[in-house]
Amino acid sequence: MKSKILTAISTIMLFVPWTILPLRTFDWALESPVAEIMIYSYAAFMIFSGIFSILSYTKEKVKSKLMQVCVAINSIYAAGAIAIIAMSVYGFINV
């Protein structure tokens, strides 16, 4: 039962980063303070979901095929989020 819950949470975490696309259609979401907060919040969530999926797969030994897909995709999301944060930090340093 625990493995099914962890797999379901990881599966839901696959689709949450895509919710930024409809939010970015609003004018208020493109303004300066809101845009940065949204991007950093989504990046933090993507890093968390990557770590959560990897730990569920390794420590909790949830080895289903769906969990393998979740680990792969959430890891790619986490790597992209780390790259976004690294580029932002580099931009802050060189300003």
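Quick note: the coordinates plus some simple rules give every number you see, no bench work behind them. Fair warning: this is a prediction, and the values are worked out from it, not measured in the lab. No Cβ is skipped: glycine too gets one built from the backbone with ideal geometry, and neighbour counts run over all protein chains shown.
Charged side chains reduced to their Cβ positions (Lys and Arg at +1, Asp and Glu at -1) give the chain a dipole of some 700 debye around its Cα centre.
On the principal axes of its alpha-carbon atoms, the chain has extents of 47, 30, 16 Å, going from largest to smallest. When exposed loop sites are taken as trypsin sites (Lys or Arg not before Pro) in a DSSP loop with at most 14 other Cβ atoms within 10 Å, the longest stretch of the chain clear of them is 25-58. Each of Val89, Val62, Val69 was scored by other Cβ atoms within 10 Å of its Cβ. Listed from fewest to most, they are Val89, Val69, Val62. What FRET efficiency, computed as 1/(1 + (r/R0)^6) with R0 = 22 Å and r the Cβ-Cβ distance, is obtained for Ser3 and Ala79, rounded to the nearest 0.05? About 0.30, to the nearest 0.05. Shown for the chain are the DSSP H helices of 24 Å or more along their axis, judged by Cα atoms, with a mean Kyte-Doolittle hydropathy of at least 0.0: 32-58, 65-93. The distance between label points at Leu23 and Glu60 comes to 2.4 nm (points 7 Å beyond Cα on the Cα→Cβ vector). In the chain, with Lys and Arg counted as +1 and Asp and Glu as -1 at Cβ, which of these residues, Gly91, Ser64, Pro33, has the Cα nearest the positive end of the dipole, that is, farthest along it? Result: Ser64. Annotation for the chain: chymotrypsin sites (Phe, Trp or Tyr not before Pro) lying in DSSP loop with at most 11 further Cβ atoms inside 10 Å of their Cβ are Phe26. Each of Ser10, Ser88, Ser41, Ser75 was scored by other Cβ atoms within 10 Å of its Cβ. Listed from fewest to most, they are Ser41, Ser88, Ser75, Ser10.
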